[in-house]
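Contents: one structure, followed by commentary.
The values are calculated or read from the model by the stated rules, or taken from the named source; none is laboratory data. Being a predicted model, the structure only gives us computed values, none of them experimental. Note that we place each Cβ from the backbone using ideal geometry, even for glycine, and neighbour counts take in every protein chain shown.
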Amino acid sequence: MPTSVWRGIEHFVDVVVGSNAQSLLDIGVGKGKWGFLFREYTDVWRGRWQREQWRAVVDGIEIFTSYIQEHQRAVYSDIFFGDARSIVPHLFAYDIVMAGDVIEHFSKEQGIALIEQRKEKTRKYLITIIPLGDGWMRAVRTENEYELHRAKWELDDVRRLGFQFYTIYPAHDELRRIGFFVYYARPQHCLGKLQPLAAVPDLAAPGHEPVAAALAEAYI
């Protein structure tokens, strides 16, 4: 389906507003949630609600063309069709590069390679939302073969890729969790104000403050 759970929406907006980002690359457009939020909290939030007033760049990549309708085209600057691994190397750098519920649809090796490609195109923040645990590896009831989960990810898998901050949301059962991961393209601006990922507890556990509070202190 061209949709996903709502986990991470508030934290994504925190990053957009706090970093004063002006360009987004959304890998896996789907219904267009992340592009809509980015447009609202860059242009519309600053009073530029008419299309001719827009300044932010909101680009997307989508491999399943049937997902794209008029409402996405109305909000995104450009939508590129095809495999992100072939498209990303040819694009310029963006303030934020987002991949929400995308990486798990590649093999582990392919997913790691795509994350590394995205780092090269990130000026400020690389955001990745990945389902974690065993419960996501199941058959997909959809006409879109690209929705199949081809790799299981755990926190340690992402930890090794250099992401500096994260939070984990519970899903529907003990076997399924959802991770929100942030990589700073310029860590010298942020790591002095945040603990590295390796030292951060599971913020979904009782007694921990939301990730948004810590992120808000890290913006320059």
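Restricting attention to the range 51-71, which residues are farther than 18 Å from LEU91 by Cβ and surrounded by 11 or more Cβ atoms within 10 Å (Cβ to Cβ)? I'd like the intermediate steps shown before the answer.
Taking the range 51-71 and keeping what is farther than 18 Å from LEU91 by Cβ, we get 51-55, 64-67, 69-71.
The answer is GLN53, TRP54, PHE64, TYR67, GLN69, HIS71.
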Positions within the range 46-63 being farther than 19 Å from ASN20 by Cα and over 18 Å from the mean Cα position of the chain (by Cα), in sequence order | GLN50, ARG51, GLU52
Select from the range 1-29 the residues that are surrounded by 15 or more Cβ atoms within 10 Å (Cβ to Cβ), at positive phi and modelled with pLDDT of 85 or more and list them in ascending order.
-> GLY28
Pairs with Cβ under 8 Å, 6+ apart, first in the range 47-72 and under 15 Å from GLY30 (Cβ atoms), second among the basic types (Lys, Arg) and part of a helix (DSSP H, G or I) = VAL58/ARG39
Got a sec? Which of GLY32, GLY47 is in contact with a helix residue (DSSP H, G or I) (Cβ under 6 Å, 6 or more places away or on another chain), over 20 Å from ALA185 (Cβ atoms) and among the small types (Gly, Ala, Ser)?
-> GLY32
